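Step one of this worksheet: look at the structure below.
None of the figures in this text is laboratory data; all of them are computed from the coordinates on show. From a predicted model like this one, the values you see are computed outputs, not experimental measurements. Positions of Cβ are backbone-derived with ideal geometry, glycine not excepted, and every protein chain shown enters the neighbour counts.
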Amino acid sequence: MVGYGVVVLVGIAVVLFYPCKAEAQAQAQLNSTFYSKTCPNVSSIVRSVVQQALQSDPRIGASLIRLHFHDCFVNGCDGSVLLEVGGNITESEKSAAPNNNSARGFDVVDNIKTSIENSCPGVVSCADILALAAQASVSLAGGPSWNVLVGRRDGLIANQSGANTSIPSPLEALQNITAKFAAVGLNTNDLVALSGAHTFGRAQCRFFSNRLFNFSGSGTPDPTLDSTYLATLQQNCPQNGSATTLNNLDPSSPDSFDNNYFTNLLSNKGLLQSDQQLFSTNASSILSLVNNFANNQTAFFQAFAQSMINMGNITPLTGTQGQIRSDCKKLN
Ligand code: HEM
């Protein structure tokens, strides 16, 4: 009788606990319907604020997708890039080297947050806003659309040293950049596809001026630069000129999301050294992806959408982890 009772108790326990386990597993993943009851219009709210911002700043979409990238590479996609110093936050990611005087769009993120809070207070995370704004930015610039997976929660810390070490630098060797992608679970397919985001937006002279006059101490420019393009860049970024002058990352269609980034690489018109080395490499798998994306925009768009989902899945906080910030700049 005792043994039977134990079996019954275990049976009840299994029945009672099974749904909880299933729920916990579901919570551990992002999905595209997370806000369908609590904030059904969240995507259109984000899209309309981004569209509004584009009216006065054609670069803003590029800046917003870059924020999502810089968020996800440091402690996962948890909105940590948005936190400012104050309270328990003693150092920000915003002032880390890759972001300082470079990352932008924070005011637009705040506008999106305000607009969402007006419709559905307290439910949408800042981390999800970055993922949704990235998608809206790409599609408004003529790029692909995809179902953004949501359900992230906002982190409680900022990791400045993580931002300094985990975000790739434009001066780094391909091998190091590949390793930084691998460290967050992204492969070389993701690296090549996501680099295609440099099809819009701007870069300051300081990030590539090493290529223009005295490349690696050679006394001559980077030999992988097309000579006409080199002359234009030398003019825009003269040796004693301002380090912060802006240049289009994609000279052929600066504000459109298309596959010209890859056709540029084929004609030695990649702006950053980290861009051009995707084509000057001996790695045949990388070369063939660049060629494929240059010849087939549909293939690029498909790969890009998938890789954005992969990047957006980098160690999100879910369930009861973290919080839903009411102001993206600070902890509740
Ligand atoms: C592969 C390694 C990467 C390196 C080394 C790199 C480096 C850079 C640098 C140096 C800039 C110029 C910043 C400035 O002048 O202030 C820039 C801009 C940009 N990056 Fe990247 N990036 C990389 C990957 C990515 C990825 C994965 C994305 C998005 C999926 C991205 C999106 C952008 C965009 C859109 C801009 C223009 C931003 C604007 O105009 O405000 N980048 N990147």
Which order do the peptides 228-236, 294-302 come out in when sorted by mean C-beta neighbours inside 10 angstrom, highest first?
294-302, 228-236
Under 14 Å from the 7 Å Cα→Cβ point of Asn210, by amide nitrogen: which residues of region 255-287?
272-277
In the chain, taking the dipole from +1 charges on Lys and Arg beta carbons and -1 charges on Asp and Glu beta carbons about the Cα centre, the listed residue (Ala131, Leu191, Thr298) farthest towards the positive end is Ala131
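Gain in length, Ser145 to Glu91, computed as 0.36 nm per residue apart minus the alpha-carbon separation, to one decimal in nm? Kindly include the intermediate steps, with their values, before the conclusion.
Details: separation 54, 0.36 × 54 = 19.44 nm, distance 3.51 nm.
The Ser145-Glu91 span can extend by a further 15.9 nm.
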Around Ala131, what is the net charge, scoring Lys/Arg as +1 and Asp/Glu as -1 over all other residues with Cβ under 14 Å from its Cβ?
+1
Under a Cβ-Cβ cut-off of 10 Å, what is the net charge of the residues other than Thr263 that fall near it, where Lys and Arg count +1 and Asp and Glu count -1?
-1
So, in nm, how far is label Asn41 from label Gln321 when the simple model puts each one 7 Å beyond its Cα toward the Cβ?
3.2
Per q in 0.18 1/Å, what log10 I(q)/I(0) does a Debye calculation on the alpha-carbon atoms of region 42-166 return?
-0.93
With N denoting the number of residues in the chain, provide Rg(C-alpha) divided by 2.2 N^0.38 Å, to two decimal places.
1.12
Sequence-distant or interchain residues sharing an amide H contact under 5 Å with Leu317, placed H: which?
Arg153
